[in-house]
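Taking it in order: structure first as structure tokens, then the write-up.
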Amino acid sequence: MKSKGFNAYNKYVILKHALKENNVSQTCELFGISRTTFYNWQRAYQKHGMIGLESKEPKKPQMPNKVSKAIEQEILAYVAKYPADGPKRIYYELRAEGFDTGEMGIYNVLKRHELTKKAQRVEYSMDKKLHIKANQKDNKEVPVFFNTREAYPGYLVIQRIDFMGTFDGIGKIYQYSLYDTTSKWREVKLYNKKQDIDIWNYFELKLIYLLKTFNLNIENLITERKKAFLPYFVRGNKYKEIIENFHINHRFISLEDNIILDEMREFNEFLVTEFYNKIGENSDLDSFIKVERALNEFVREYNFYRAISSGCNAGKAPVEVVLERASHNNADLDTLPLWILALINSSKWGDKDE
């Protein structure tokens, strides 16, 4: 069977599905590829990583309205669980799973099965009672290839978007946050308009800059899966460019079913208690820009001064753990930006050995 319609990320998803299910034959049948093709991909990935999965010759443009049988089943399974959602929402959900298909292609599937209207989808959902396949979007477990006992900055990083509320004189606040599970380093970015949220632009401009500064890499990245904010993680091409260019193993996971994400939730609760709930008490915080500046200072103090309370790095500040890893990776700490050096020199832990 033809395999030219799969890009590098699609192939990666298929390889991981076979690994999880421990069944190559079933995986090949599900995605419509031959075993020979599968093992060619597997050898290429083992030898070259994601680059090995990239096509070696120019691909003909794939028509977004042509949908494979495997993706059609994904669409129908999604409709069975969420009949209120239309083509656009289904499009974003499939993109989060790594499937490339256009919104028009999804609409054509719905039309072919007489599911273009909400009432039709509700009836279908009630009557069909589909069995959700193992590779479906609601697989809630942390993938087995995450070794959560690994303890170095960059091994496992979590990101999410939250609506923090509407504040008098300031307006709505949406917060993007990123958290390194080992060093407890946090980064936040605020938006006052939902349509302005641009995750991967910030990721590239700020987070990639920090990674290069400390000579670190993100190996595994978990995005908390929320239907309201999923489009902001998967729309456009920047998402796949960053994930592939920096060889990041990325997964969407639901918060409520994964204790690995509890620390991220707890930190957000901490921000609500210690920062957001106090905005009204501070007359100086009378604009969105001032709130954002104050939050950046709050998080910076957290990263440079607040001691980690438990675990193998207890007693250290997040920046100390990051610098230890940077030194391990042979980063030239003498060339760090002046603002980082100034914070390091003034931090509490910096004077411990004096």
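Quick note: the coordinates plus some simple rules give every number you see, no bench work behind them. Bear in mind the structure is a predicted one, so any value in this text is a computation, not a measurement. For neighbour counting, all protein chains shown are included, and Cβ atoms are generated from backbone atoms with ideal geometry for every residue, glycine included.
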Net length gained if the chain between H113 and Y82 were fully extended (0.36 nm per residue, minus Cα distance): 9.6 nm
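FRET efficiency for Q73 and D196, Cβ-Cβ distance as r, R0 = 45 Å, nearest 0.05?
The calculated FRET efficiency here is 0.80.
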Under the Kirkwood approximation for Rh and a Cα-based Rg, what ratio Rg/Rh is obtained for region 218-289? 1.09
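Taking the Cβ-Cβ separation of A314 and R43 as r and a Förster radius of 35 Å, what is the calculated FRET efficiency to the nearest 0.05? Don't skip to the end; give the middle numbers.
Details: r = 44 Å, r/R0 = 1.24.
Plugging the Cβ-Cβ distance into 1/(1 + (r/R0)^6) gives 0.20.
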Potential extension, E297-I208 segment - 0.36 nm per residue separation minus Cα distance: 30.0 nm
If packing is taken as the mean number of other Cβ atoms within 10 Å per residue, what is the order of 185-192, 303-310, highest first? 185-192, 303-310
Give me the number: length gained by fully extending E269 to L19, i.e. 0.36 nm times residue separation minus the C-alpha to C-alpha distance, one decimal in nm. 86.4 nm
Grab the other residues whose beta carbon is less than 12 angstrom from that of E269, score K and R as +1, D and E as -1, and report the net. -4
